[in-house]
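So the structure is just underneath, and the comments pick up after that.
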Amino acid sequence: MRDVGAFDVNWKRRREVNMRLIWIAIAAVTAMLAGPASSQQWPARNVKLIVPYPAGGNVDSAARIVADKLQEKLGQPFVIENKAGAGGMIAGEAFAKSAPDGYTLFVGANGPVLFATEINKRDAYNWKKDFLPISTISMTPLVLEVHPSVQATTLKEFLDLAKREPGKLTMASPGPGTTNHLLSELMQSSLELQWVTAHYRGNAPAINDLLGGQVQFAFDQLTVSLQHIKAGLFRALAVTSPHRLKSLPDVPTFAELGYKDFDGQTFTGLFAPAGTPAPIVDKLHETLVAILKDPAVIDKFEKLGGEATPMTPDEFKAYLEREDAKWIPVVRKANIRAD
């Protein structure tokens with residue numbers, strides 16, 4: 001005879017398992033439907049933009065230009081949070097730990113994104129796995145500028161002077177591992193030159209000493225130096241942009257003078273944490289590109305000595321990979337370390 005009691009128990013167990021599977025399926029479908037819906041409603045509250053430098057520099061200025069426009073177009077406040085320190089690594093580490101929900105973004109630059117962990121020898125984050133590139137915001141070229149006391153009016157005369165008197169010239173650097181510093185190291189290594197590097201804590205003290213003649217030259221962001229060049233306090237010899245600049249039309253590029261490897265620029269770019277939903281990424285990218293094509297925004301960046309430069313996420317990622325491959329070997333060969 002069939003054991004009716006056993007049959008009832010087994011049937012009940014099967015029913016419980018089946019009901020559990022049904023509820024799991026319902027939950028999964030609900031999550032799938034809710035995810036895109038919440039992404040499409042983004043942003044529903046304040047969005048934080050982490051900036052890895054103090055207020056007032058070119059990265060902070062770029063962040064504030066786009067934050068105002070993002071707020072205007074997306075209807076929610078985009079709030080700047082300046083987290084300086086360790087060459088931008090403090091900000092980068094905090095950002096890498098953020099939830100990938102679109103409410104914490106990062107306005108990064110060369111140092112914090114590419115070099116900070118290498119220079120500080122800390123595996124705090126890795127842009128390739130922790131950062132999701134949205135778009136570049138701007139490109140700011142460097143300018144090789146000398147104090148008027150330096151007996152060189154062209155790049156060739158400057159290089160001849162450096163070769164003739166190794167170790168006599170002193171370069172003002174805003175800090176170890178900055179693009180300014182790396183370009184200096186690359187030039188010394190490639191052209192077999194030698195000069196002294198004086199590291200400062202930021203652009204302002206470096207430029208103050210160049211103005212005073214305590215140091216002889218600098219590779220500096222045009223954002224900082226344009227006013228001094230136009231006032232005749234510095235002499236500009238060459239710029240690192242791929243083309244001549246509207247603001248300095250008489251100053252040649254390194255490339256046109258035959259030095260194509262010295263094309264370093266400071267980028268600012270917008271990042272989301274890895275894993276951020278595609279609808280949020282798409283909306284951010286579409287909105288940012290529209291902002292960077294606005295003539296008023298283009299003009300603001302030109303006045304800062306930079307150029308509004310949107311890219312697709314794939315283009316931005318490819319650019320970062322090229323920069324990584326170019327500059328990390330320079331960092332290692334020169335044995336650059338944080339102070």
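Could you tell me how many degrees, from 0 to 90 and to the nearest 10, lie between the Cα long axis of helix 313-333 and the main elongation axis, the longest principal axis, of the Cα atoms of the chain? Roughly 50 degrees, rounded to the nearest 10.
Near Ile80, the amide H atoms lying under 5 Å from its own belong to Leu49; only residues 5 or more places off or on other chains count, and H is placed 1.01 Å from N. In the range 141-257, the DSSP beta bridges split such that about 60 percent are antiparallel, to the nearest 5.
What is the sum of charges, Lys and Arg at +1 and Asp and Glu at -1, for the other residues whose Cβ falls under 12 Å from the Cβ of Phe262? The partial results should precede the final answer.
Values: positive: Lys260, Lys326; negative: Glu185, Glu256, Asp261, Asp263.
That works out to -2.
Remark: the range 90-175 carries a charge dipole of roughly 200 debye about the Cα centre, counting +1 on each Lys and Arg Cβ and -1 on each Asp and Glu Cβ. For the residues Asn180, Asn208, Asn58, a GNM of the chain with alpha-carbon springs under 10 Å puts the largest fluctuation on Asn208.
Treating only the Cβ atoms of Lys and Arg (+1) and Asp and Glu (-1) as charged, compute the dipole magnitude of the chain about its Cα centre; round to the nearest 20 debye. Write down the numbers at each step before the final one.
Working: 37 positive and 36 negative charges, 202 e Å.
Its charge dipole is roughly 960 debye.
The HN-Hα couplings worked out from phi for the range 127-143 by the Karplus form 6.51 cos²θ - 1.76 cosθ + 1.60 (θ = phi - 60°) are 4, 5, 10, 9, 10, 10, x, 9, 5, 5, 9, 8, 10, 10, x, 9, 10 Hz, whole numbers, x standing for Gly and Pro. Residue-normalised convex hull volume from the C-alpha trace of the range 112-155: 137 Å³ per residue.
If you wrap the range 141-257's Cα atoms in a convex hull and average its projection over all directions, what's the area in nm²? Could the numbers behind the result be given before it?
Values: hull surface 25.6 nm².
Taking a quarter of the hull surface, the average projection is 6.4 nm².
Give the shape of the range 201-300 as rounded, prolate or oblate, defined through the alpha-carbon gyration tensor: a ≥ b ≥ c are the square roots of its eigenvalues, a/c under 1.5 means rounded, and otherwise the shape is prolate if a/b is larger than b/c and oblate if not.
Working: a/c = 2.22, a/b = 1.91, b/c = 1.17.
Cα axes put the range 201-300 in the prolate bin.
Estimated from helices alone, the mean residue ellipticity of the chain at 222 nm is -15000 deg cm²/dmol (sum of -39500 (n - 2.57) over DSSP H runs with n ≥ 4, per residue).
Taking every DSSP beta bridge that has both ends in the chain, the antiparallel portion is near 65%.
What's the local net charge at Thr153, with K and R +1, D and E -1, over the other residues with C-beta under 13 Å away? Intermediate results must be reported in sequence, preceding the final value.
Details: positive: Lys156, Arg235; negative: Glu145, Glu157, Asp160, Asp250.
Charge balance in the 13 Å sphere: -2.
A convex hull fitted around the alpha carbon atoms of the range 64-180 yields 159 Å³ per residue. Only Cα sites of the range 279-339 enter the Debye sum here, all with the same form factor; the resulting log10 I(q)/I(0) across q = 0.16, 0.30 1/Å is -0.74, -1.12, listed in q order. Comparing Gly264, Gly167, Leu211 along the charge dipole axis of the chain, the residue lying farthest to the positive side is Gly264, per the Cβ-charge model.
Carbon and sulfur atoms: what percent of the 1.4 Å accessible area of the chain do they account for?
Details: 8800 of 16420 Å².
Carbon and sulfur atoms account for 54 percent of the accessible area of the chain.
Potential lengthening of the chain between Thr197 and Lys230 amounts to 9.4 nm, from the contour at 0.36 nm per residue minus the alpha-carbon distance. With 27 Å as the limit, the listed pairs Lys128/Lys300; Lys69/Lys317; Lys246/Lys283; Lys48/Lys293; Lys73/Lys300; Lys129/Lys333 have Lys128/Lys300; Lys246/Lys283 beyond it between alpha carbons.
Work out which trypsin sites (Lys or Arg not before Pro) in the chain are exposed loop sites (DSSP not H, G, I, E or B, at most 15 other Cβ within 10 Å) and give the longest gap free of them. The segment 46-96 is the longest one with no such site.
The values are calculated or read from the model by the stated rules, or taken from the named source; none is laboratory data. This structure is a prediction, so every number in the text was calculated from the model and none was measured. Cβ atoms come from the backbone with ideal geometry, glycine included; neighbour counts cover every protein chain shown. Heavy atoms of the whole protein, side chains included, go into the accessibility calculation; ligands, DNA and RNA do not. Shrake-Rupley method; radii C 1.70, N 1.55, O 1.52, S 1.80 Å.
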